[in-house]
Structure formats: structure tokens, C-alpha cells
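As C-alpha cells, the structure follows; a few thoughts come after it.
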Amino acid sequence: MKRCGVAMTIMPRISEKTADVVKRLAGLLACILAIALFMFYIGPALEQTPALKPIMQVIDERGINANMYFYTEVEEFSEANINMNNTMAYPPRSP
Amino acid sequence: MAEEIVKNVGKWEWSEMWKKEDWWAIWLGFAMLLFGLFIYINNAPADLHQKIAKANGILAAESARAPFKTVAWHKAVDAKKKLKATSSEAGKKIALYTKEPHGWKSNPLDAFMMGKSDAEAIKEKALAKYEAAEAKAAAALEAAKSAEAAAGDFTNETLNTAAVTAIDAWRAAHEKASKAKKKAGAKPYNQIPYLIGLCIFLAIFFGIGMKGMGKPTIKFMVGFGFVFLIAVLSFAAGTNATMKSLGIGYAAWAILFGLIISNTVGTPKWVMPAVQTEYYIKTGLVILGAEILFGKILSIGVPGIFVAWVVTPIVLISTYIFGQKIVKMPSKTLNITISADMSVCGVSAAIATAAACRAKKEELTLAVGLSLVFTSIMMILMPAFIKAVGMPHVLGGAWMGGTIDATGAVAAAGAFLSDKALYVAATVKMIQNVLIGVIAFAVAVYWCAKVDCVPGEKVSKMEIWYRFPKFVIGFMAASILFSLIDQSMGKDVSYALMDHGAIRGMSKIFRGWFFCLAFVSIGLATNFRELKHHFAGGKPLILYVCGQTFNLILTLLMAYIMFYLVFPEITARI
């Protein structure tokens with residue numbers, strides 16, 4: 001009887017724990033699915049909208065890293081810097 | 001972040017220099033920077049000085065000869081562009097061993113490895129585009145040369161204008177061909193062994209500091225593998241072609257992935273010793289100091305200084321005061337982090353300011369999130385508006401450079417308009433990026449002297465020193481040291497050995513990894529509820545929108561005054 005009582009009190013605890021683990025794993029899976037949905041369907045669809053398409057084409061053609069955070073991470077900044085330095089140092093003469 | 005700060009002990013102890021995190025960030029950061037300097041100064045491009053002298057001779061002659069930038073002028077600049085220490089064997093090896101995952105479109109595995117057949121297929125497809133682009137560029141060059149020759153002695157305004165138009169068309173075609181050439185160089189790769197090697201190297205690198213601080217080194221190293229893995233996945237998500245275009249980078253993914261893990265299955269306990277947000281951020285910021293070169297602020301003359309260095313502090317201080325007095329922000333640290341993030345340059349300014357005032361990790365997350373959302377919106381709306389109203393591209397470029405938070409988005413928005421807009425936008429943004437050092441230092445001093453003390457209390461200079469976040473000293477020292485080296489080398493040599501050597505070949509790479517590790521750590525240690533609490537009443541959003549509106553108005557006004565009323569001759573040169 002005693003053994004049975006112990007089993008009865010442990011069982012609900014185990015099932016609660018299992019349910020919690022399942023809930024957590026389901027949450028993780030749902031997040032992964034949402035990211036995949038955004039990355040492979042919503043994002044590409046957004047790129048094709050008339051409002052975004054022109055700038056997306058420029059980014060793709062020129063290979064711009066539009067998601068970088070500092071000037072040293074974007075190649076165009078180096079191009080701009082050297083061009084501007086030389087424009088200031090060797091400006092075309094006045095007409 | 002705030003819970004892990006070095007507490008004020010009210011006295012100076014020399015042992016802090018090998019026991020405290022701030023100092024270890026300085027030692028480790030400087031070790032890396034000095035190693036980078038040593039490597040790249042000893043691997044300078046062959047005949048560097050002779051090649052620069054030759055190009056400068058052509059530039060001087062062409063600038064005296066013609067009233068516009070001639071074909072020879074552009075070719076001389078192109079010749080200087082090729083002089084990079086990162087192109088040396090040592091530079092290529094460092095890039096290979098430290099590279100983040102590759103770019104990919106539909107197959108995530110392409111971020112890590114690509115077989116020979118797949119690489120050949122990409123190469124073949126890109127080669128056709130490159131050949132077409134190269135043919136167009138060659139034809140455009142011939143047309144530009146003919147138009148320039150037709151201009152003769154440059155006395156006929158109409159012929160001069162025709163030559164400038166033809167040269168601009170050649171530059172645009174040349175740019176497209178250069179980019180197409182890069183895509184046509186696809187090769188098979190397997191990045192996984194290098195990533196494993198980098199993980200081990202970084203675990204030892206940070207482990208040395210952990211040992212010095214008396215923290216559990218082995219436990220740190222074990223957990224570090226997990227944090228690094230999430231950082232790799234964050235970079236991989238950020239290198240996806242669509243995410244790159246939409247402006248969603250590794251910082252956003254790192255926080256998101258960390259948050260998902262900690263709020264679903266929970267961050268494993270064995271990982272927690274490696275969740276060292278402050279340690280990674282401080283070391284990354286010391287390294288970032290090397291990228292803050294004060295010589296850059298004169299890149300576009302006085303107008304650039306006014307747009308970036310006068311407007312930005314005005315907007316920052318006004319927004320902070322507005323946040324305190326009108327919006328009544330519940331947290332001063334959240335207020336200054338959002339104000340700096342919105343007025344200076346987004347994520348990097350947010351990191352530096354949050355670390356300087358010891359903001360909470362949730363506050364940094366919130367500021368970064370706001371910046372990323374508004375950056376994407378402004379990157380699309382601003383160039384469209386400028387185009388629609390017919391705003392001059394120099395003005396539009398300066399406006400975008402001074403207001404769009406993230407640098408990548410500035411480049412995209414500028415390129416969408418024209419090369420001229422891109423160059424102005426990028427230069428203004430770069431000057432603004434340099435302001436981070438001053439802002440972080442000023443915020444650290446202000447917080448020690450005014451905010452973190454009892455109202456009415458007068459704080460002595462020594463007390464400020466005790467409280468001061470010491471890593472900021474390393475950050476400023478790196479900036480001053482590299483600025484001095486940059487100035488002593490001269491712009492052309494510095495471009496080859498510093499910009500495309502110690503900075504882009506060392507500092508940029510490791511700083512990116514360290515910030516990514518920090519953002520992963522933030523996510524892994526954050527609860528959604530805590531984050532929600534900081535967003536209460538939508539006050540951060542109100543602060544950002546009001547501050548950005550003021551920023552847009554003031555920057556446009558200043559750019560117009562400087563580039564069109566006060567210094568029109570500089571605008572004409574551009």
C-alpha cells in the first residue's frame with residue numbers, strides 16, 4: 001500500500017515535468033518554424049513588392065552588406081573615403 | 001549588464017589591473033591590435049611608396065589640366081585602391097581562419113560548405129553576367145575617352161558636360177563589372193574546420209582573462225562552445241541574401257536566437273559560465289577604438305563636421321532632456337542609450353553608450369531593436385522621398401548619412417540614388433561613427449560625476465577615477481594611438497596598411513565576433529517579461545520617434561546651409 005502511494009504521488013510529478021518539457025520543446029519548434037517562414041517565404045516575398053524591389057535590386061547588383069553596423073564593415077565606405085580624400089586633395093581646377 | 005559591474009570601492013588598488021574585467025578587456029584588446037599592426041606593417045604591398053607617388057603625380061597633373069575628374073584621374077585613384085595589406089598572403093590567411101559563414105540564398109548549408117560542382121555552376125552563371133558587364137564597361141570607357149578628347153582644351157561648357165556625363169556612365173558600368181567579377185570568382189569551400197579552430201582560439205583567448213580574474217576557466221571554455229555555436233548560426237542567418245538586403249544583421253539574430261533558447265527550453269546551466277556579456281562587449285569596444293580615427297572627420301571638409309559633429313550632439317542632448325522632462329523615461333540609462341543609438345549610429349553607438357553608463361542588458365536590447373526596425377524603414381523611404389521631390393544628391397546623401405542609423409543601410413540608400421549620393425552619405429556617416437569615442441567618454445564621465453551620485457553631492461576627481469569604467473580608457477587609448485599612426489603615415493599609406501590592414505584585417509573581424517558573442521549572451525540571459533517591463537507605455541518608441549523627427553529636420557537644415565549656402569564650392573567639387 002505504501003509503495004503504491006509513493007507511486008501515485010510521483011506519477012503526477014513526472015507527467016507535469018514531461019508536459020513542461022514538451023511545452024518548451026514545442027515553443028522552440030514553433031520559433032524555428034516562424035524564423036524559417038520569415039527567411040524563406042515572407043522575406044523573399046517582401047523583396048518582390050513594388051515598394052522594395054528597386055532598392056533590393058541595387059543592393060543585390062552591388063553586393064552591398066545592408067545589414068552591417070559600422071563603417072569598416074561596408075566596402076562602399078572605403079570606396080567613398082578614398083574617392084573623397086582624392087577629391088579634396090586633387091580637386092579639378094576651376095573652369 | 002548592470003549586475004556585473006565592477007563596484008566602486010572608493011580606493012585604487014593596483015591588483016585591479018590583473019583582477020578586473022575592464023583591465024583584462026584592455027590587455028586582450030591591445031594584444032590583438034598590436035599583433036594586427038605588426039603583421040600588416042610587415043606585409044605592405046610591394047613598391048607601395050613608388051606606386052602612390054606615381055598615382056599622385058597623375059592626379060596632380062589631371063587636376064591642374066581639367067575642370068572635371070578625367071578618365072586618367074579616376075584610373076589613378078583605382079590604382080591606389082588596389083594597394084591593400086589585406087591582399088598579402090598573411091592577410092588572406094587571417095581572413096580565411098577568422099571568416100564568418102559565407103553568403104547564401106536558399107540552402108543554409110552553403111553558409112558553411114560548397115562542393116566543386118556547385119561552385120562551378122555558380123561561377124558559370126556569374127561568368128556570363130561578368131563578361132556582359134565587362135563588355136559594357138569597356139564600351140563606356142571608350143565613349144568616356146572620346147567625350148573627354150572632344151572637350152579639347154575644356155573651354156566649351158557643353159562639351160565639358162557631355163564628357164562628365166560619359167565619364168559618370170563609365171564609372172557606373174565599371175562598378176557593376178567589378179562587382180560581377182567578384183561573383184564570378186566562386187570557389188569550393190569548407191568553413192567548418194576553420195570555425196572549430198576559431199572557437200578553440202577564442203576560448204583560450206578569453207580563458208586567459210578568466211583565469212586572471214580567478215573565475216572558473218574550464219567551465220567557461222566548456223560553455224563557450226555553445227555560445228560560439230549560436231554566434232555562428234547568427235552570422236549564418238545574417239549572411240542570407242534576403243536578410244542582408246532587408247538590413248537584418250547578426251546582432252538581431254544573436255539576440256533573437258539567445259532569447260528563443262532562454263525562453264523556451266532554457267539556457268543550460270553548464271553554458272552560464274560562458275554567458276559573459278560585459279567581458280565580450282568591453283573587449284570588443286577596446287578593439288573598436290582602433291577603428292575610430294580622428295583624421296576621418298575632415299574627409300569632406302567643414303560641412304561634414306557641421307552635419308555630423310554639430311547636429312548629432314545637439315540632437316543627442318535634446319532627445320535625452322526631452323526623454324527626462326517630457327516623456328518621463330523611467331530609466332536614465334535607457335534614455336541615453338536610445339538617444340545615442342538614434343542620433344549617432346545605431347547598434348555600435350548603443351553598445352558603446354550602454355557600456356559607458358552601465359545600462360541593463362534589456363535596455364541595450366530594446367535600443368538595438370528600435371534602431372533595426374527604423375533603419376530598415378528609413379533605408380527604403382528616404383531615397384524614395386529624395387527621388388520623388390528631386391532633391392540634389394549631395395544634399396540627399398548628407399541627409400541620409402546624418403540620420404539613418406546603420407552604416408550598411410546608409411550605403412544601400414545612397415547607392416540607390418547615385419554614386420555621388422553614396423559617397424557623400426558614406427562620408428558623413430563615417431565622420432559620425434568617429435563621434436562614438438567622444439560620446440562614450442563623455443557619457444562615462446557624466447554618469448560618474450553627476451548621475452551615479454547623491455543629489456547635491458560634489459564628487460572629487462579621484463572619486464570619478466574610482467568609479468570610471470576603466471575599459472573606456474583602453475577604448476580611447478586605442479583610438480588615439482591608431483589616429484596618431486594614421487596621421488603619421490599619411491592618407492595613402494594609411495589606406496593600405498591601416499584601413500586595409502590592421503583595421504579591416506584584424507580589428508573589424510574580431511570586434512564583429514566579440515559583439516556577436518555579447519548579443520548571444522544578452523539573449524541567453526534575458527527573460528521576455530523583463531524586456532516587456534522596459535517597454536511599458538511605449539515610452540521608448542515615443543522617445544525614438546520624436547528624437548528622430550527632430551534629427552531629420554535639423555540635419556536637413558544644416559546640410560542645406562552648409563553644402564549650398566556656406567560652402568557651395570565644396571559641393572561643386574564633389
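The values are calculated or read from the model by the stated rules, or taken from the named source; none is laboratory data. A quick note: this is a predicted structure, and the numbers were derived from the prediction, not measured. With ideal geometry, Cβ positions are generated from the backbone for all residues, glycine too; neighbour counts draw on all protein chains shown.
So which residues in the range B:174-199 are exposed (fewer than 14 other Cβ atoms within 10 Å of the Cβ) and in a helix (DSSP H, G or I)?
B:Lys182, B:Ile192, B:Pro193, B:Ile196, B:Gly197
Let me spell it out: the conditions are (1) closer than 30 Å to A:Arg93 by Cβ; (2) modelled with pLDDT under 95; (3) crowded, with 17+ Cβ neighbours inside 10 Å, and B:Tyr130 meets all of them except one. Which number is the exception?
B:Tyr130 satisfies all of (1) closer than 30 Å to A:Arg93 by Cβ; (2) modelled with pLDDT under 95; (3) crowded, with 17+ Cβ neighbours inside 10 Å except (1).
Can you tell me which residue is nearest to A:Met68 (Cα to Cα) among those in the range B:234-277 that are out of contact with any Leu (no Cβ under 7 Å at 6 or more places or on another chain) and aromatic (Phe, Trp, Tyr)?
Among those that are out of contact with any Leu (no Cβ under 7 Å at 6 or more places or on another chain) and aromatic (Phe, Trp, Tyr), it is B:Tyr250.
Given the criteria among the aromatic types (Phe, Trp, Tyr), part of a helix (DSSP H, G or I) and without any contact (Cβ under 8 Å) to a residue 40 or more places away in the chain, does B:Trp73 qualify?
So B:Trp73 passes the test.
Hey, can you tell me all the residues within the range B:557-570 that are surrounded by fewer than 20 Cβ atoms within 10 Å (Cβ to Cβ) and in a helix (DSSP H, G or I)?
B:Leu557, B:Tyr560, B:Ile561, B:Tyr564, B:Leu565, B:Val566, B:Pro568, B:Glu569, B:Ile570
I'd like to check which helices (runs of 4 or more DSSP H) are fully inside the range B:384-482 and have at least 2 residues that are touching a His at 6+ places or on another chain (Cβ under 8 Å) and of a type outside the set (Ser, Thr, Tyr).
B:419-446
Restricting attention to the range B:263-300, which residues are aromatic (Phe, Trp, Tyr) and surrounded by 24 or more Cβ atoms within 10 Å (Cβ to Cβ)?
B:Tyr279, B:Tyr280
Tell me, which residue of the range B:228-241 that is away from chain A (no Cβ under 14 Å) and touching a Phe, Trp or Tyr at 6+ places or on another chain (Cβ under 9 Å) is surrounded by the fewest Cβ atoms within 10 Å (Cβ to Cβ)?
B:Phe228
Determine the pairs where a residue that is within 7 Å of another protein chain (Cβ to nearest Cβ) and surrounded by fewer than 17 Cβ atoms within 10 Å (Cβ to Cβ), located within the range B:45-70, has a partner that is assigned to a loop (DSSP other than H, G, I, E, B) and not aromatic (Phe, Trp, Tyr) with Cβ atoms under 7 Å apart, the partner being 6 or more residues away or on another chain.
Every condition considered, the pairs that remain are B:Ala64/A:Arg93.
Just to verify a result, which residue in the range B:428-453, among those that are surrounded by 18 or more Cβ atoms within 10 Å (Cβ to Cβ) and within 14 Å of B:Lys332 (Cα to Cα), is farthest from the other protein chains (Cβ to nearest Cβ)?
B:Cys448
Quick check, is B:Ala143 of a type outside the set (Val, Ile, Thr), more than 14 Å from every other protein chain (Cβ to nearest Cβ) and within 18 Å of B:Lys69 (Cα to Cα)?
yes
If I filter the range A:27-37 down to residues being more than 9 Å from chain B (Cβ to nearest Cβ) and surrounded by 11 or more Cβ atoms within 10 Å (Cβ to Cβ), which single residue comes out as nearest to B:Pro108 (Cα to Cα)?
Ranking the qualifying residues of the range A:27-37, first place goes to A:Ala36.
Which condition breaks for B:Asp110 when tested against (1) more than 13 Å from chain A (Cβ to nearest Cβ); (2) closer than 21 Å to B:Trp513 by Cβ; (3) touching a residue at least 12 places away in the same chain (Cβ under 8 Å); (4) not hydroxyl-bearing (Ser, Thr, Tyr)?
(3)
Does the range B:486-493 contain at least one residue that is outside any helix (DSSP H, G or I), under 17 Å from B:Ile292 (Cα atoms), out of contact with any strand residue (DSSP E or B) (no Cβ under 9 Å at 6 or more places or on another chain) and at pLDDT below 95?
Yes, the conditions are met somewhere in the range B:486-493.
Within the range B:88-107, does at least one residue satisfy the condition of being without any contact (Cβ under 8 Å) to a residue 60 or more places away in the chain, surrounded by fewer than 20 Cβ atoms within 10 Å (Cβ to Cβ), farther than 14 Å from B:Met506 by Cβ and within 13 Å of chain A (Cβ to nearest Cβ)?
Checking the range B:88-107: at least one residue is without any contact (Cβ under 8 Å) to a residue 60 or more places away in the chain, surrounded by fewer than 20 Cβ atoms within 10 Å (Cβ to Cβ), farther than 14 Å from B:Met506 by Cβ and within 13 Å of chain A (Cβ to nearest Cβ).
For the subset of the range A:57-95 comprising residues that are more than 7 Å from chain B (Cβ to nearest Cβ) and under 27 Å from B:Pro67 (Cβ atoms), which member is modelled with the lowest pLDDT?
A:Glu79
Mind listing just one residue for me: the one in the range B:242-252 that is at the interface with another protein chain (Cβ under 7 Å from one of its Cβ atoms) and among the aliphatic types (A, V, I, L, M) and, of those, surrounded by the most Cβ atoms within 10 Å (Cβ to Cβ)?
B:Ala251
If you go through the range B:255-281, how many residues are more than 12 Å from B:Gly369 (Cβ to Cβ) and within 14 Å of chain A (Cβ to nearest Cβ)?
Total satisfying the criteria: 12.
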